[in-house]
1. Condition first: buried (at least 22 other Cβ atoms within 10 Å of the Cβ), of a type outside the set (Lys, Arg) and within 14 Å of chain B (Cβ to nearest Cβ). Can you find one or more residues in the range A:146-153 that meet it?
2. Would you point out which residue out of A:38, A:47, A:83, A:22 is within 16 Å of ligand 1 (Cβ to nearest atom) and touching an Asp or Glu at 6+ places or on another chain (Cβ under 8 Å)?
3. Among the residues of the range B:198-235, which ones are within 18 Å of the chain's Cα centre (by Cα) and surrounded by fewer than 23 Cβ atoms within 10 Å (Cβ to Cβ)?
4. In the range B:96-135, how many are touching a Lys or Arg at 6+ places or on another chain (Cβ under 7 Å), of a type in the set (A, V, I, L, M) and more than 21 Å from residue A:67 (Cβ to Cβ)?
5. Being within 12 Å of residue B:87 (Cβ to Cβ), part of a loop (DSSP other than H, G, I, E, B) and hydrophobic (A, V, I, L, M, F, W, C) is the filter here, so list the residues in the range B:170-184 that pass it.
6. Mind listing just one residue for me: the one in the range A:86-132 that is open to solvent by less than 40 Å² (accessible area, probe 1.4 Å) and within 16 Å of ligand 1 (Cβ to nearest atom) and, of those, nearest to residue A:158 (Cα to Cα)?
7. Which members of the range A:104-132 meet the condition of being facing chain B (nearest Cβ under 8 Å) and either touching a helix residue (DSSP H, G or I) at 6+ places or on another chain (Cβ under 6 Å) or in a helix (DSSP H, G or I) (or both)?
8. Could you count how many residues in the range B:81-137 are among the polar types (S, T, N, Q), open to solvent by less than 10 Å² (accessible area, probe 1.4 Å) and either free of Cβ contacts under 8 Å to residues at least 24 places away in the same chain or within 14 Å of chain A (Cβ to nearest Cβ) (or both)?
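The values are calculated or read from the model by the stated rules, or taken from the named source; none is laboratory data. As the structure is a prediction and not an experimental result, all values here were calculated from the model. Note: ideal-geometry Cβ built from the backbone for every residue, glycine included; neighbour counts use all protein chains shown. The area values use the complete protein model at the heavy-atom level, side chains included, leaving out ligands, DNA and RNA. Shrake-Rupley method; radii C 1.70, N 1.55, O 1.52, S 1.80 Å.
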Amino acid sequence: MPMPNTPFSRSDPPDPPPLITVRGLTFYRGDRAIFRDVDLDIQRGKVTAIMGPSGAGKTTLLRLIGGQIRPHAGRIEVDGACVHELGRRELYQLRKRMSMLFQSGALFTDLSVFDNVAFPLREHTRLSEALIRILVLMKLEAVGLRGARDLMPSELSGGMARRAALARSIALDPMMIMYDEPFSGQDPITMGVLIKLIRTLNDALGLTSIIVSHDVKETASIADYIYLLSEGSIVDHGSPQTLERSRSAWVEQFLHALPDGPMSFHYPAAAYAQDLSLAQEPSP
Amino acid sequence: MIDGLRRLGRSTLFWLNRLGRATLFLLRLLSALPTLAKRPSLAIRQLYSVGVLSLPIIAMSGLFVGMVLGLQGYANLVDFGATSSLGRVVALSLARELGPVLAALLYAARAGSALTAEIGLMKTTEQLSAMQMMAVDPFARVYAPRFVAGIIAMPLLAGIFTAVGILGGYFVAVQQLGVDSGAFWSQMQSTVKLFDDVINGVVIKSVVFGWVANWIAVFEGYDAIPTSEGISLATTRTVVNTSLVVLAVDFVLTALFFGV
Ligand SMILES: Nc1ncnc2c1ncn2[C@@H]1O[C@H](COP(=O)(O)OP(=O)(O)OP(=O)(O)O)[C@@H](O)[C@H]1O
Ligand SMILES: [Mg+2]
């Protein structure tokens, strides 16, 4: 059943060199291996999706790529630099060019929407306030929140907060964006707009995008390449078309949302009956 | 017995571990100071929330403590016919001990707990992670400004506490109990020394207390477990630990400055 873990074994062309290469990634939380010897590549200028069930380690993978946590083994290279070997200064230089949209949005609650989007510009550039205003309004217009610029994060709905955070994460025109669950909590219209937005941003600005999601249909509709993650390893990967045609049981289960299959919905646990103490004790 | 020893050992290790982490934290905090020096406005904004917003409670408490000192001092001195030294008693107790110590304890309850909760909540809601991913160092942007602002605020608050306390003592002694106003002030003037009492007492003590109180408050927030219980635990720890450490450090400083 185990799939070969070699990203080049399928259809993708070898050049140009990938923006991110992950080799032999191993990472533990306590005794539990979140990743076991994972290899993957993120191609430049493409939208790559990483899908997998809840708790599979998708957010953890993004944090590893962003250098917030260190792998226990393996290498993660972003644009030729090994993230976890960089000093803090170099890591921060690299991070100015990468950007991450957090699952929760993570807006600064003491700043208005406008100031949130302006934050990275004010921290990292010496632009005049007038220019910053223009840039911020452009970013907010792109996510449809120009009118909400004076609201505080506590006054936004979950979906609006996510979009405001998206505006903030594109403020510095990064070379890549990592989206953690961009679609959850969005209504169908906003979802459509977001899908188009992610695609447009990617193509117009020449970005590289990584989408982490379990919204299969939406993600498959914009992704150029998909990795399926389950129980610590990549169970399959390929373009949406290839995966659609794949006969793999994982793909079957995940893409078609079947409750039964090789992927478990349960966090690893002792046998149910044993947990409920039914196994040992005779029933009364 | 063995169990008790084991528990003692474990909690000692736990505290040593925390002390180590707190020390590393402090070192990184200090290494972020040059960056902060380029943008003092960050600390000034914090000075408002830890300093200005603590003013009412500090001034009110100072007033009451001064008034109590006036009453108690009078009740004790009147038997010796020494009520004219009341000014000196009030001023010395406030400047040497009560001003800096009580201001620090009130500061821990009012501003320290708020700092811990704010930072802990920023951690819980991933705002600090988001900041790091934006290549902004929370040490320079969040922790250091609060730490520095707190250290600046502390002596100012202790000074205000002391001054208002003296006024409170004056009010009770002179206005209510009829102590001679001239004696009250002149006794104070002739016995309270600028260097020995005001600098050592109000200034140095409260700078040290400010250092301790803000180090604990910011560290507890930074180190909080990112959940609601984690934050509530961290906030409690800030107030309890700051109070204990301030009182212990006060004993040491008093022995150094005023011991014979
Ligand atoms: N700080 C932490 N300490 C210990 N374990 C953690 C921590 N954060 C995450 N985990 C564990 O790591 C695993 C992967 O978590 P992660 O957040 O990466 O999942 P995910 O794939 O993003 O899930 P979701 O789709 O629900 O967001 C989870 O099983 C979780 O129990
Ligand atoms: Mg996640």
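1. No, there is no match, as no residue in the range A:146-153 is buried (at least 22 other Cβ atoms within 10 Å of the Cβ), of a type outside the set (Lys, Arg) and within 14 Å of chain B (Cβ to nearest Cβ).
2. None of the other options fit; the residue is A:22.
3. B:198, B:199, B:200, B:203, B:204, B:207, B:208, B:211, B:212, B:215, B:235, listed by residue number.
4. The number of residues fulfilling the criteria is 1.
5. Listed by number, the list holds a single entry, B:179.
6. Residue satisfying both the conditions and the ranking: A:105.
7. If the condition is that a residue be facing chain B (nearest Cβ under 8 Å) and either touching a helix residue (DSSP H, G or I) at 6+ places or on another chain (Cβ under 6 Å) or in a helix (DSSP H, G or I) (or both), then A:106, A:107, A:108, A:109, A:119, A:120, A:123, A:124 are the ones that fit.
8. Selection size over the range B:81-137: 1.
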